[in-house]
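Values quoted throughout were computed directly from the atomic coordinates according to the rules given, and no laboratory measurement underlies them. The structure presented is a predicted model; accordingly, all values stated were derived computationally and were not measured. We place every Cβ from the backbone using ideal geometry, glycine too, and count neighbours over all the protein chains shown.
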Amino acid sequence: MKKILPLLFSFFFLSAPSVFADNISDFTIEGISIGDSLLDYMTEDEIFEGIKFTKDWYYFLDNPYKYSQINLPNTFSKYDFVSVFIKNNATNEYISDKNEEFKILGSIGIIAYVEDFDECKKEQNKVSDIFYRMFSNTQKTETSYSHRSDPSGMSIKDDVIYSFDSGEYVVVSCENFEETFRLKKKWTEGLKISIHSKEIVSWFLDTKR
């Protein structure tokens, strides 16, 4: 079990030139910023393989293939898993056309707390307290709901959302998947730090009716 001193969280999870930034592009996860090219971190072939692997993850959205989540190779010092979002200019189902930049529009860092939701919540509270001071110019919202990826309704997601005037979000989440569902999907669960552009935020909100 990873234990991190609360006062180190702001530097552990996000790096920023100023702790009171007005734009999410000022922050990074494992050195990755919104607006970077994914080609700086992966080859084009690796990106296309990543698109295939996650192609059905957002089936519950109105336009599930508009963007793609790509898992980065696991060579991280701070997180167990890191993934990013890019625009998916699909011409046939989900495979992207060549995009010279593969611009990153969102990023996620996860620390696993498998079947340890209580511990995840403790760490979420510590991080949220620090972020509340860091993001003093944002609106803070807390919400808990059934995870939309699990049709059974038995998987839970707790979010603390910091929304910028620009429409961008930073979210501190704890995910607790129903165990059979989690094992079937081969997913992890735990503490998630998400940085999302306005485009990705709008996409997530556009759920099938």
Calculate the FRET efficiency for T75 and R148 from the Cβ-Cβ distance with a Förster distance of 35 Å, rounded to the nearest 0.05.
0.70
Listed with the fewest Cβ neighbours within 10 Å leading, D129, D165 appear as D165, D129
Extension gain from F53 to E179, taking 0.36 nm per residue of separation minus the Cα-Cα distance:
43.3 nm
Between L205 and D118, 0.36 nm times their residue separation minus their Cα-Cα distance comes to what?
28.6 nm
Neighbour-count ranking for W187, W203 (other C-beta within 10 angstrom, fewest to most) reads W187, W203
Can you sort I111, I195 from fewest to most other Cβ atoms within 10 Å of each residue's own Cβ?
I111, I195
